[in-house]
1. Kirkwood Rh, Cα Rg: Rg to Rh for the chain?
2. Summing -39500 (n - 2.57) over the DSSP H runs of n ≥ 4 in the chain and dividing by its residue number, what mean residue ellipticity at 222 nm do you reach, to the nearest 500 deg cm²/dmol?
3. Going highest first, how would you order 99-111, 394-406, 56-68 by mean Cβ packing within 10 Å?
4. What angle do you read, to the nearest 10 degrees and between 0 and 90, between the alpha-carbon axis of helix 109-122 and the longest principal axis of the chain?
5. Once you sort the root eigenvalues of the Cα gyration tensor of region 70-216 as a ≥ b ≥ c, which label holds: rounded (a/c under 1.5), prolate (a/b larger than b/c) or oblate (the other case)?
6. From the gyration tensor of the Cα coordinates in region 197-246, what semi-axes in whole Å does the equivalent ellipsoid have, largest first, with each one equal to sqrt(5λ)?
7. From the phi angles alone, apply the Karplus equation (6.51, -1.76, 1.60; θ = phi - 60°) to region 236-245 and give each ³J(HN,Hα) in whole Hz, x where the residue is Gly or Pro.
8. Just to be sure I follow the rule: in region 328-421, considering lysines 8 or more places apart or on different chains, how many pairs have Cα atoms under 29 Å apart?
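The values are calculated or read from the model by the stated rules, or taken from the named source; none is laboratory data. Worth saying up front: this structure is predicted, and the values here are computed from it rather than measured. Backbone-built Cβ (ideal geometry, glycine too); neighbour counts: all protein chains shown. Side chains are part of the model used for accessible areas, which takes the heavy atoms of the whole protein and leaves out ligands, DNA and RNA. Shrake-Rupley method; radii C 1.70, N 1.55, O 1.52, S 1.80 Å.
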Amino acid sequence: MKKVDVVLGLQWGDEGKGKVVDVLTPDYKVIARFQGGPNAGHSLVFDGDGFVLHTVPSGIFRKDSVNIIGNGVVIDPVILQDEIEAIEAKGVDITGKLLISKKAHLILPTHRMLDAASETAKGKGKIGSTLKGIGPTYMDKTGRNGLRVGDILSDEFIQRYEALKYKHFGLLSQYKFPFDITDYEVKWFSAVENMKRFTFIDSEFAVNRYLDNDVPILAEGAQGAMLDIDFGTYPFVTSSNTMTAGVCTGLGVAPNRVGKVMGIFKAYCTRVGSGPFPTELFDADGERLRQIGREYGATTGRPRRCGWLDLVALKYAVMMNGVSELIMMKADVMNNFDTIKVATAYKIGDKTITDFPFECPNDVEPVYREFPGWKEDITGVRKYEDFPDRFKQYVAFIEQETGCPVRIISVGPDRNEIVVR
Ligand code: GDP
Ligand code: IMO
Ligand code: MG
């Protein structure tokens, strides 16, 4: 019997999940998103062209793949519609390839406004949300007020939409937040109408039946472990469980039907938005990582904060996700660095710790281990043996510290720039 294999981010998002899912899709028939929504921006590069996906799983460009948006996902119909049009413009016939869970929640135009109002009210303490309405939509889900994809087909859809909208108007007036949803609401209803051409499914039955029939499934995470609502750097997190546990609740599969867990990390670290980032660099090295790595948000275009690899955070993420193998991304960005640093512990006051703490104070001081840079262009490498020895030493150290093999190494943005061991 097949199990659901999982690809997920181990840092603060943007590890390269889109690329890896696109690369792995030929080994799977079904690709499924289980949480998050259009806050995600997953980049794919192939045939000399780039593409960013927000809601649609990253298997969509591969022939014969089935792509499921699971119940744990939140959907903005307008963003989904734009994405669908862009995919179709590439000549892909998406209608039969995309299945949407009836239980996925809808992001209303007013959810976006509430997100913006909440962030404005927080002032300096803002989360740095992508402003896609993610937090307010998950709040309505757990508050048992939400609208789901399956509700689109109900005769009462408009009434329920209006009721929730007016509830939101009340909240927005408390925030004294000026807003106008007129244009967006028109687009929203037109996009909702368009969604009806797709099959709405009970994804829990679909996924389990695929497994019963030995069809391999890959679950695609969004965001990363350090943005998890429970275990991330709260409150500077997203509003869903970004971890392996989220696969069970976000698709309807039991824990004993989860197979391999592939954890993705960058050879350094980035974060976009506010919140703790112990190894963040404010110097020329940080700027070099941002420029060479093109570290600007795929969803918002914001510059990403950059820093050294953080093994305290990575080991925490490996532990909680039950990672069985690691995938290392973007090492090529550090090709010309003389020295590469890795944090192995944090110093907080007179204490040195290796367990990721409840709170990261501003004065947390990473304890670094230094490695000599490999100073060679590794972009063209396709076999592990061909990597420079200094690079292999860096990989071996990460494997030793995390207790996990690094199975795949990505050496450039393109689909073909990959080394599988
Ligand atoms: P995701 O959200 O995890 O899918 O990651 P993003 O797409 O937001 O960000 C990853 C960025 O790095 C994208 O611009 C990718 O095209 C790019 N990328 C992915 N893998 C590599 C790699 O190995 N090397 C380089 N230089 N860029 C990469
Ligand atoms: P992918 O899937 C990086 C961050 C935001 C903000 C916080 C909360 O591309 O890796 P939200 O809009 O969810 O309320 O924002 O989480 N964030 C991401 N950072 N990659 C993402 O997705 C992110 N999705 C949300 O910047 O700090
Ligand atoms: Mg991204």
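1. Result for the chain is an Rg/Rh of 0.97.
2. Helices in the chain give a 222 nm mean residue ellipticity of -9500 deg cm²/dmol.
3. So the peptides 99-111, 394-406, 56-68, ranked by packing, come out 99-111, 56-68, 394-406.
4. For 109-122 against the chain, the angle is about 50 degrees.
5. Prolate.
6. Working: eigenvalues 166, 35, 14 Å².
For region 197-246, the semi-axes come out at 29, 13, 8 Å.
7. 8, 9, 9, 10, 10, 7, 8, 9, 3, 4
8. 13
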